[in-house]
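Participant: Take this structure first; my questions come after.
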Amino acid sequence: MSRTLSSWILSSARSSIVLQGRGRWYSICIPNRNKILWKLVFSKTCPCPAGSLDSTFSLPKAFRHTSTEEEHFSFQLSPAQINDILRAGELSHKTLDLNGKNANSVLRFESNQLASNSPMEDRRSAATCLQTAGMMFGVFDGHAGAACAQAVSERLLHYIAVSLMPRQSLEEIELAVEAMKPVQPILQWHRHPNDVEYQEITSQYFENLRVYWQHLLDLDTELGFSLEEAMICAFKRLDSDISLEVQAPQESELMRNIALQVAFSGATACVAHIDGVHLHVANTGDCRAVLGVREEDGTWSTLPLTRDHNAYDEFEIRRLKREHPRSEEKTLFVNDRLLGILMPSRAFGDVQLKWSKELQHSILENSCDVEALNIYQYVPPNYHTPPYLTAEPEVTYHKLRSKDKFLVIASDGLWEMLSNEKVVKLVAGHLTELNMQNPPLTFKKPVNLGYMHNLLLQRKSKGLASLDQNIATHLIRHAIGSNEYGEVDPEKLAAMLTLPEDLARMYRDDITVTVVYFNSETIEDYYRNH
């Protein structure tokens, strides 16, 4: 790594304020205005203790080489080691029907994650609906720990699926549970081998899901929900259950601690439901979904399907002002954070911004050592009319067209580094490069074997085999390694992957990306037949 680059990182570190939290250090970088080379990333909570009891998803750690003298700070990663780190979280799935022919509007999806926090606070989910139509994809960005994002990633797609099931199917499931018979699965999950579950609390999660579908049966409505209504209801119900579970007696101390960590940490969420040409995206917080569109003239355009819910969004500012007294207008957002604490203005969990002071005190007073659980206890000075935070999503509907080629869903760790337009351009360029990997060989006659052999060697020497096969990896590589010209700088990439943990969070956030490719032929068939 160049001396200039390493010196700049060290000078940035020296000009940081370092605060000691409970069992952890929190760094808030004060950038030198003349040397802002890369966009700095700050934690979503201020400060944000992390940690959870679950065996969290973890990627192989970068090879960090440091010495006691910071001037000898070094970054040593081979290209192979860089690829191992970047590709460790890769997940891909191609959609096929029973006849081996793809009749689904989803052709395939590719996903990946890269951690900055330790443990990583992002989560992701992907599943096929077995008792209703469609596929679902979710990205969940946790803060103040991974517990809430973990729970939401396990549970939210089930809540949505149950909300969409017809009454007869719900009745059949309820009868099976009552008779202690096996229940037909609701979802077929598409998971990475390292994705984990809260095994200790799965039975409670199922029981609360059952209470939810019993509630739906009690509504006594034959028509059921629209997809938008189902997604909104599922988001709100799960957030309510997270709040109630921590207030209810638990069977064991471990389950109690998990419930506490889930409720007092938080997570934003973006979930896409795709059924034929019908695409619905539900968003709570600052994850983002963007559509890549190929126009008739061959150019690419972007179609954002979400809004970032934060202090920079005028709609969110007006919404919060409507929900609280005029006397609080100047204190709702302080330093571009909700009550001076949280970047997103919508999220799951975060009960310390939803409950009354009295309820918070009552729950924590009767709990075990909350410091050991890294639960963040702080009541803002202008906390008068809770709740200030909601998990209610905004739902966007889009009818897919043959020119809609792919959907990118990602946590804000990606969008802080790359614009919507840059992401779509990278995906489009990657598609073109992959199509060029194995073009048909054409020869002018006559041709001899030696000529053919040379052509094959030239193709191999182009290095196309080293191209990231997973588009999510390609995006992450560019997000953390691009220079000012938009090209991947190997030295910067190595530096960003080898930063010590207390520095890494200052330069990049956890990144989770899922890219869904659409089947243009299936979409065209739909319009031909309708």
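Participant: From largest accessible area down, sort Y526, Y485, Y376, Y198; use a 1.4 Å probe on the protein chains. Let's see the in-between values first.
Facilitator: Working: Y526 55, Y485 170, Y376 25, Y198 5 Å².
Heavy-atom accessible area, descending, gives Y485, Y526, Y376, Y198.
Participant: Out of L426, L303, V513, whose Cα points farthest toward the positive end of the dipole of segment 80-529 (charges: +1 Lys, Arg; -1 Asp, Glu; placed on Cβ)?
Facilitator: Of the listed residues, the answer is L426.
Participant: For K181, give me every one of the aspartates and glutamates with a C-alpha distance below 14 angstrom, ignoring sequence neighbours fewer than eight places off in its own chain.
Facilitator: E171, E172
Participant: Taking the alpha-carbon set of segment 395-435, what are its Rg and Dmax in Å?
Facilitator: For segment 395-435, the Cα radius of gyration and maximum Cα-Cα distance read 12.1, 34 Å.
Participant: Can I ask one more? Can you work out the accessible area per residue across segment 80-529, with the rest of the protein chains kept in place, probe 1.4 Å, in square angstrom?
Facilitator: Per residue, segment 80-529 has an accessible area of 44 Å².
Participant: Related question: Could you work out the mean projected area of the convex hull around the alpha carbons of segment 80-529, in square nanometres to one decimal? Don't skip to the answer; put the middle values down first.
Facilitator: On the way: hull surface 109.4 nm².
Reported value for the Cα convex hull: 27.4 nm².
Participant: Could you order D525, D220 so the one with the most accessible surface comes first? Probe is 1.4 Å.
Facilitator: Details: D525 65, D220 105 Å².
In descending accessible area the options line up as D220, D525.
Participant: Could you compute how much accessible surface I317 exposes when probed at 1.4 Å, giving the result in Å² to the nearest 10?
Facilitator: The value for I317 is about 30 Å².
Participant: Now a separate question. Give the residue from Y376, S118, L254 lying farthest towards the positive end of the charge dipole for segment 80-529; charges sit on Cβ (+1 for Lys and Arg, -1 for Asp and Glu) and the dipole is referred to the Cα centre.
Facilitator: S118
Participant: Excluding ligands and nucleic acids, what accessible area in Å² is computed for V488 using a 1.4 Å probe, to the nearest 10?
Facilitator: 50
Participant: Check A289: other-chain or 5+ apart residues with amide H under 5 Å from its amide H, H built from backbone geometry?
Facilitator: For A289, whose amide H was placed from the backbone, the distant partners under 5 Å are L305, T306.
Participant: What do you get for Rg/Rh of segment 289-427 when both radii come from the Cα atoms and Rh is the Kirkwood radius?
Facilitator: Reported Rg/Rh (Cα atoms, Kirkwood Rh): 1.10.
Participant: Could you work out the relative contact order of segment 80-529, using alpha carbon pairs under 8 angstrom and six or more residues apart, expressed as a whole percent?
Facilitator: The value is 23 percent.
Participant: Now for a different question. Write down the percent of antiparallel bridges among all DSSP beta bridges whose residues are both part of segment 280-410, to the nearest 5.
Facilitator: Roughly 95 percent of the DSSP beta bridges within segment 280-410 come out antiparallel.
Participant: Report the percentage of all Cα-Cα pairs in segment 194-284 whose separation exceeds 17 Å, rounded to a whole percent.
Facilitator: Looking at segment 194-284, the distances longer than 17 Å represent 61 percent of pairs.
Participant: Past the 28 Å Cα-Cα mark, which pairs from K354/K399; K94/K422; K330/K354?
Facilitator: Working: K354/K399 35 Å; K94/K422 25 Å; K330/K354 19 Å.
Over 28 Å apart, Cα to Cα: K354/K399.
The values are calculated or read from the model by the stated rules, or taken from the named source; none is laboratory data. It should be emphasised that the depicted structure is a prediction, and the values quoted were computed from it without experimental measurement. Because the Cβ atoms are built from the backbone with ideal geometry, glycine has one as well, and the counts that use them run over all protein chains shown. Surface accessibility is based on the protein's heavy atoms, side chains included, excluding ligands, DNA and RNA. Shrake-Rupley method; radii C 1.70, N 1.55, O 1.52, S 1.80 Å.
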